[in-house]
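The values are calculated or read from the model by the stated rules, or taken from the named source; none is laboratory data. Just so you know, these numbers come straight off a predicted model, no measurement behind them. Using ideal geometry, Cβ is built from the backbone for each residue, glycine included, and neighbour counts are taken over all protein chains shown.
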Amino acid sequence: MASLVVAEHDNKTLKDATAKTVTAAAQVGTPVHVLVAGRDCGPAAEAAAKLAGVEKVLVADDALYERMLAEPMESLILSLAGNYDAILAPATTNGKNFMPRVAAKLDVPQISEILAVEAPDIFRRPIYAGNAIQAVKAELAKKVITVRATAFKAGEPTGSAAIEKIAAAADPGMSKFAGEELSKSERPELTSAKVVISGGRGMQSGDNFHLLDKIADKLGAAVGASRAAVDAGFVPNDYQVGQTGKVVAPELYIAVGISGAIQHLAGMKDSKVIVAINKDEEAPIFQVADYGLVADLFKAVPELDEELTKQGY
Amino acid sequence: MKVLVPVKRVIDYNVKVRVKSDQTGVDLANVKMSMNPFDEIAVEEAIRLKEQGKATEIVAVSIGPAQAGETIRTALAMGADRGILVKAEGEVEPLAVAKILKAICEAEQPGLVILGKQAIDDDCNQTGQMLAALLGWPQGTFANKVEFGEGMLKVKREIDGGLQTVEIKLPAIVTTDLRLNEPRYASLPNIMKAKKKPIDEKTPGDYGVDVAPRLKVLKVTEPAKRQAGVKVKTVAELVDKLKNEAGVI
């Protein structure tokens, strides 16, 4: 019952979501192999080889895979699919992009964003923005699965899997990369940060997000936002935490000026500790917060910054 | 160029869903239903393409119960030209939907299919990509901006790290993200006009597609509830709790 995990990486580094997906894959079927498709992706492949529970790492190093576009990824994964009973990828924008293509070509439904593996063919997944959890049984010849990485723990990097180079598959020649605008940040990534501080409509402007930046720098946190703040143009789209944005589950989530719409809660309610700072006492965010502070954020956040400084952060 | 826009009838996004006590699903009885919000964005984008002279005809398709005809009417009132209703009761999985849409694409020969990136009921995020694969077409998913070039589309996509632009050959599939556009409201005259626009009625059998679910839903439950915690009075108290009680900073 072999499983193939399609790695999430940026050629140089392997994303944490890959390790977590390996954990899920090991519960579906072993041995677990990892496919690293990229360009000059040796460092990512080496990192994958160190993941506990990985038997083999397949590396497809070709210009075709530099940006992991859906069409070439589909043909590459299909060329390997015969050897596996399950194919898994993290439910990142990459995994969500190419995995359904693979499923359709294999004529099987995809099981999206699993939260738990109850048995090798029974999975739990969120529906209705996480307001209901569905348990599904997949009696299928092949299982194509995307994994909500925050629901699984990463194993220790104690492995030493073999790395095998594989040839590129045919180029479908339908699509090409034409540029990107990536948010530059020295801070940790939203989905793997231990602390996340997010701002909502209450921030009133993009400039005011620097208030959160200061706290983030002190706590080593990533900065996120609600959909309202992104729609208002305060911050770029990749800041968005919520059902249709990023799902995070840090040790500490600080929601500042966020009312707590269902769609936002779906993206952060699995955080270990939630702090809400909002001047509206009735805001729904307080119903999920472990610690709530009813206060004007423009007063409370600078105070928090001072207090942290005082405490040596 | 003809544009095909599939639209799904789902629980209105403002409705708080309730899980049925017998754990068979969520309660859909007497609940307000609407067009999937991402599909509204897809319809709007198609209409804008028509207004720019890029699209000649917009065909709205829905697969679902008879009432999905109302969802098509909404698309027609916004500005789509005609509809195709494929009547199917019960849950139709994305793969079956994609197979039906493939057959419709073969009959209608659209140059572009615009779909919502995901439906807010099953949250699958699959149909557009599956349709693209079945047709052997390229895709521009999670679109933030769509521009036409010579025989191709430039699609700016919302990705985890920011934005990515891809060039894809036509015919192609586009799936919409939130910030592609802001859908219009249908005006009363347009709602009246939409009543006269034609809707073709079909069945999955007409397209030779079996819509029986392949995944078996064992149960649907409520997620674990989070208990509301305590209110702190001052920032100093908050920092103290985070440090000494929760131990997270």
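If you filter the stretch B:221-245 down to residues that are part of a loop (DSSP other than H, G, I, E, B) and more than 7 Å from chain A (Cβ to nearest Cβ), you find that the one that is farthest from A:ASN278 (Cα to Cα) is B:ALA224. With the requirement that a residue be of a type outside the set (Val, Ile, Thr) and either surrounded by 24 or more Cβ atoms within 10 Å (Cβ to Cβ) or out of contact with any strand residue (DSSP E or B) (no Cβ under 8 Å at 6 or more places or on another chain) (or both), what does the stretch B:125-139 give you? Residues satisfying the conditions are B:ASN125, B:GLN126, B:GLY128, B:GLN129, B:MET130, B:LEU131, B:ALA132, B:ALA133, B:LEU134, B:GLY136, B:PRO138, B:GLN139. Going through the stretch B:106-130 one residue at a time, which ones are of a type in the set (A, V, I, L, M, F, W, C), within 8 Å of chain A (Cβ to nearest Cβ) and within 15 Å of A:ALA104 (Cβ to Cβ)? Hits for the stretch B:106-130 are B:CYS124, B:MET130.
Of the residues A:ILE114, A:ILE133, A:ILE77, which single one is within 24 Å of B:PRO213 (Cβ to Cβ) and either at pLDDT below 95 or in contact with a helix residue (DSSP H, G or I) (Cβ under 9 Å, 6 or more places away or on another chain) (or both)? Matching residue, one of A:ILE114, A:ILE133, A:ILE77: A:ILE114. Assess whether A:LEU293 counts as being without any contact (Cβ under 8 Å) to a residue 60 or more places away in the chain and either touching a helix residue (DSSP H, G or I) at 6+ places or on another chain (Cβ under 6 Å) or among the hydrophobic types (A, V, I, L, M, F, W, C) (or both). Taking the combined requirement at face value, the residue satisfies it. Residue count for the stretch A:216-234 under the criterion of being among the β-branched types (Val, Ile, Thr) and either more than 9 Å from every other protein chain (Cβ to nearest Cβ) or under 11 Å from A:ALA193 (Cα atoms) (or both): the result is 1.
Considering the stretch A:235-262, and only residues there that are farther than 16 Å from A:VAL301 by Cβ and part of a strand (DSSP E or B), the residue that is farthest from the other protein chains (Cβ to nearest Cβ) turns out to be A:VAL241. Looking only at the stretch B:151-174, decide whether some residue is at pLDDT 95 or above and outside any strand (DSSP E or B). For the stretch B:151-174, residues at pLDDT 95 or above and outside any strand (DSSP E or B): present.
Looking at the stretch B:190-220, which of its residues are within 13 Å of chain A (Cβ to nearest Cβ) and surrounded by 14 or more Cβ atoms within 10 Å (Cβ to Cβ)? Result: B:VAL209, B:VAL211, B:PRO213, B:ARG214, B:LEU215, B:VAL217, B:LEU218, B:LYS219, B:VAL220. Just one of (1) out of contact with any helix residue (DSSP H, G or I) (no Cβ under 9 Å at 6 or more places or on another chain); (2) more than 27 Å from B:ILE191 (Cβ to Cβ) fails for B:ALA103. It is (1). Being surrounded by fewer than 19 Cβ atoms within 10 Å (Cβ to Cβ) and of a type in the set (Ser, Thr, Tyr) is the filter; apply it to the stretch A:274-313 and report the residue that is modelled with the highest pLDDT. Within the stretch A:274-313, the match that is modelled with the highest pLDDT is A:THR309. Please tell me if A:THR146 is more than 7 Å from chain B (Cβ to nearest Cβ), polar (S, T, N, Q), farther than 20 Å from B:VAL19 by Cα and not in a loop (DSSP other than H, G, I, E, B). When the stated conditions are applied, A:THR146 passes them. A count restricted to the stretch B:2-28 and to residues that are among the charged types (D, E, K, R), within 11 Å of chain A (Cβ to nearest Cβ) and crowded, with 21+ Cβ neighbours inside 10 Å stands at 0. Of the residues making up the stretch B:192-242, those that are more than 29 Å from A:ILE262 (Cα to Cα) and of a type in the set (S, T, N, Q) number 1. Here is the figure for the stretch B:129-150: residues that are modelled with pLDDT under 95 and within 21 Å of A:THR93 (Cα to Cα) total 0. Of the set (1) in contact (Cβ under 8 Å) with a residue 40 or more places away in the chain; (2) more than 12 Å from chain A (Cβ to nearest Cβ); (3) in a helix (DSSP H, G or I), all apply to B:LYS99 but (2).
So which of B:PHE148, B:PHE142 ends up being on the phi > 0 side of the Ramachandran plot and touching a residue at least 24 places away in the same chain (Cβ under 8 Å)? That would be B:PHE142, the only listed residue that is on the phi > 0 side of the Ramachandran plot and touching a residue at least 24 places away in the same chain (Cβ under 8 Å).
Residues that are modelled with pLDDT under 95 and either farther than 15 Å from A:ILE166 by Cβ or surrounded by fewer than 24 Cβ atoms within 10 Å (Cβ to Cβ) (or both) are absent from the stretch A:25-36. Among the residues of the stretch A:103-119, those identified as in a loop (DSSP other than H, G, I, E, B) and either touching a strand residue (DSSP E or B) at 6+ places or on another chain (Cβ under 8 Å) or within 7 Å of another protein chain (Cβ to nearest Cβ) (or both) are A:LEU106, A:VAL108, A:PRO109, A:LEU115.
Each residue in the stretch A:263-293 was checked for being outside any strand (DSSP E or B) and within 23 Å of A:PHE152 (Cα to Cα), and 13 pass.
Screening the stretch B:31-93 for strands (runs of 3 or more DSSP E) wholly inside it with 1 or more residues that are basic (Lys, Arg) returns the ranges B:82-87.
Conditions tested, residue by residue: (1) under 18 Å from the mean Cα position of the chain (by Cα); (2) over 25 Å from A:GLY224 (Cα atoms); (3) surrounded by fewer than 18 Cβ atoms within 10 Å (Cβ to Cβ).
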| position | (1), (2), (3) |
| --- | --- |
| A:ALA91 | yes, no, no |
| A:ASN97 | yes, no, no |
| A:VAL108 | no, yes, no |
| A:ILE122 | no, yes, yes |
| A:LYS153 | yes, no, yes |
| A:PRO157 | no, yes, yes |
| A:ALA170 | no, yes, yes |
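Considering only residues that are part of a loop (DSSP other than H, G, I, E, B) and small (Gly, Ala, Ser), look in the stretch A:177-207 and name the one that is surrounded by the most Cβ atoms within 10 Å (Cβ to Cβ). Only one residue tops the list, namely A:GLY200. Of all residues in the stretch A:296-313, those that are facing chain B (nearest Cβ under 8 Å) and hydrophobic (A, V, I, L, M, F, W, C) total 3.
Within the stretch B:150-189, can you find the residues that are more than 7 Å from chain A (Cβ to nearest Cβ), over 19 Å from B:ASN36 (Cβ atoms) and surrounded by 15 or more Cβ atoms within 10 Å (Cβ to Cβ)? Matches in the stretch B:150-189: B:MET152, B:LEU153, B:VAL155, B:LYS156, B:ARG157, B:LEU170, B:PRO171, B:ALA172.
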